Amino acid sequence: TSNQMWGGRFADKPDAIMEAINASIGFDQRLAAQDIAGSRAHAAMLAATGIVEASDAEAMREGLLTVLSEIEGGTFTFSTALEDIHMNVEARLKEIVGPAAGRLHTARSRNDQVATDFRLWVRDQLDAAEAQLLALVRALLAQAETGADWVMPGFTHLQTAQPVTWGHHMMAYVEMFGRDLSRVRDARARMNECPLGAAALAGTGFPIDRDMTAAALGFDRPCANSLDAVSDRDFALEFLSVASISAMHLSRFAEELVIWSSAQFRFVVLSDRFSTGSSIMPQKKNPDAAELIRAKIGRIFGAQVALMTVMKGLPLAYSKDMQEDKEQVFDAADNWLLSLAAMDGMVRDMAANAPALEAAAASGFSTATDLADWLVRVAGLPFREAHHVTGSLVAVAEARGCDLPDLALEDMKEVHGAITEDVFDVLGVRNSVASRTSYGGTAPDQVRAQIARWKEILG
Ligand code: ARG
């Protein structure tokens, strides 16, 4: 027998291999709740516009709830012969409510149906990501507040550069995840248009009310062009793009946590709850969650590249290629949300080692720039000359195996006669960070001002 949904013009049934390559039910069953919400909105609209009898629409709407409870309860039998979630739901609806179910697909196509379902699903993921990003930002703010004036080394090229504060470093990530948050909101606002009613591609002659279905599903408005409505997957690509950038941020932070938790750095202690042990080396406490977060960008950005490549070159309107959108987005969403949750947990639990941070901040001639600045300010040297003099002082300290504050005043005077006792004030790391008072700088007062600003933004 041929297909019960579209078998009219077919004499033969599909080859098993055709069915295998064609069916999406193995993964698009994740759209069940969205599919049923869309169908319920569509049925209500068909009744309100007089396209179907109110009693038929009511039967369909009730029956759809039964289907949903069967799916959620795990008693629903998915059929590969029915290809996808849309036809599986409709076929079961027919068993439950009888011939009235056959009226549900009036003025609708699977093309606008799947576009609607998928938008609803992606929108839910953006909402979940927003909540997760907010939690992570709050966890970072708490870390920043605790260590607003703990001094640590700031790096460029992963070489000691200048002292910064723990609070400042945490707040850098607040800015990054804060931008992710605003990208999530932008993407959500842009995608929130409803494709339902575009039908196959050209719209429909039935007197449908697209504003009604759009509003019922929480969309701001219907999509304005029926061809675009069924062809567009920008919402999925934008989701993947937002997720990729955010996963890249997570990956950078994860890399720092891996480095910081090592025996060589000892900047942070990760909690047992977010670490693992070794089956052979009894002393090990490994930062596996951080490493996995560091890696997740691979599949998330991979999904973006994959879907972009699927979409390029597709003529308008729908092509079956577009069925390949879902697994990429599902996988990226799952892994992004999991990474955000894991990072939130790690940040909440992690304990910075303030003495180790400060000791590290004081090594590696981290206040050399402060010394050069002092020579400019107090001794009136041009910066280039001050830079050179300071470089010579670093060389002297290096030869002695000591740090800049350990040099004797006489040794310094030998390099440049204008140096006085006062210079030692700027060689300490605390004075160094306290002096960086420019807007957005690492001075604890500046950091506290940024913490206060973010608390106000978050409300
Ligand atoms: N399973 C399909 C997909 O995910 C639904 C749309 C099918 N439309 C069609 N004309 N074959 O894209």
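The values are calculated or read from the model by the stated rules, or taken from the named source; none is laboratory data. It should be emphasised that the depicted structure is a prediction, and the values quoted were computed from it without experimental measurement. All Cβ positions, even for glycine, are placed from backbone atoms using ideal geometry, and neighbour counts span all protein chains on display.
Within the group Lys285, Lys312, which residue is more than 16 Å from the ligand (Cβ to nearest atom) and either under 24 Å from Met350 (Cα atoms) or more than 25 Å from the chain's Cα centre (by Cα) (or both)? Among Lys285, Lys312, only Lys285 is more than 16 Å from the ligand (Cβ to nearest atom) and either under 24 Å from Met350 (Cα atoms) or more than 25 Å from the chain's Cα centre (by Cα) (or both). Among the residues of the range 1-53, those that are crowded, with 19+ Cβ neighbours inside 10 Å, within 16 Å of the ligand (Cβ to nearest atom), assigned to a helix (DSSP H, G or I) and of a type outside the set (D, E, K, R) comprise Leu31, Ala32, Gln34, Ile36, Gly38, Ser39, His42. Of all the listed residues (Ala351, Ala295), the sole one being surrounded by fewer than 17 Cβ atoms within 10 Å (Cβ to Cβ), in contact with a strand residue (DSSP E or B) (Cβ under 7 Å, 6 or more places away or on another chain) and in contact (Cβ under 8 Å) with a residue 12 or more places away in the chain is Ala351. Of all the numbered requirements in (1) surrounded by 20 or more Cβ atoms within 10 Å (Cβ to Cβ); (2) within 16 Å of the ligand (Cβ to nearest atom), Ala91 misses one, and that requirement is (1). Met308: in contact (Cβ under 8 Å) with a residue 12 or more places away in the chain and closer than 30 Å to Phe155 by Cα, yes or no? The answer is no for Met308. Of the residues making up the range 151-200, those that are touching a Pro at 6+ places or on another chain (Cβ under 9 Å) and either among the aromatic types (Phe, Trp, Tyr) or farther than 30 Å from Ala236 by Cβ (or both) are Val151, Met152, Pro153, Gly154, Thr160, Ala161, Gln162, Pro163, Val164, Thr165, Gly167, His168. Among residues of the range 68-88 being assigned to a helix (DSSP H, G or I) and over 13 Å from Leu31 (Cβ atoms), the one that is nearest to the ligand (Cβ to nearest atom) is Leu82. Figure legend. Inter-residue proximity from the range 20-49: first residues within 18 Å of Lys320 (Cβ to Cβ), second residues in a helix (DSSP H, G or I) and of a type in the set (Gly, Ala, Ser), beta-carbon distance below 7 Å, spacing 6+ or different chains. No pairs are indicated.
The sole residue among Gly178, Gly218 that is outside any helix (DSSP H, G or I) and either at pLDDT 95 or above or not β-branched (Val, Ile, Thr) (or both) is Gly218.
Thr204 fails exactly one of the following numbered conditions: (1) in contact with a helix residue (DSSP H, G or I) (Cβ under 8 Å, 6 or more places away or on another chain); (2) of a type outside the set (Phe, Trp, Tyr); (3) crowded, with 18+ Cβ neighbours inside 10 Å. What is the number of that condition? Against the list (1) in contact with a helix residue (DSSP H, G or I) (Cβ under 8 Å, 6 or more places away or on another chain); (2) of a type outside the set (Phe, Trp, Tyr); (3) crowded, with 18+ Cβ neighbours inside 10 Å, Thr204 comes up short only on (1).
Checking each residue in the range 96-148 for being β-branched (Val, Ile, Thr) and away from the ligand (no atom under 16 Å from the Cβ) picks out Ile96, Val97, Thr106, Val137, Thr146.
Taking residues in the range 60-83 that are closer than 17 Å to Met5 by Cβ, and partners anywhere that are in a helix (DSSP H, G or I) and acidic (Asp, Glu), the pairs with Cβ atoms closer than 6 Å and at least 6 places apart or on different chains are Thr80/Glu19. Just one of the numbered conditions (1) of a type in the set (Gly, Ala, Ser); (2) crowded, with 16+ Cβ neighbours inside 10 Å; (3) part of a loop (DSSP other than H, G, I, E, B) is not true of Gly417: (2).
Scanning the range 298-309 for residues being hydrophobic (A, V, I, L, M, F, W, C), surrounded by fewer than 22 Cβ atoms within 10 Å (Cβ to Cβ) and more than 15 Å from the chain's Cα centre (by Cα) gives a total of 3.
Could you grab me the full set of residues in the range 149-159 that are part of a loop (DSSP other than H, G, I, E, B) and either closer than 17 Å to Gly364 by Cβ or within 26 Å of the chain's Cα centre (by Cα) (or both)?
Result: His157, Leu158.
Can you name the residue in the range 322-340 that is within 10 Å of Gln132 (Cα to Cα) and surrounded by fewer than 22 Cβ atoms within 10 Å (Cβ to Cβ) and, of all such residues, is farthest from the ligand (Cβ to nearest atom)? The residue in question is Leu338. On inspection, Phe274 passes the criterion of being closer than 26 Å to Ala139 by Cα, crowded, with 19+ Cβ neighbours inside 10 Å and modelled with pLDDT under 95.
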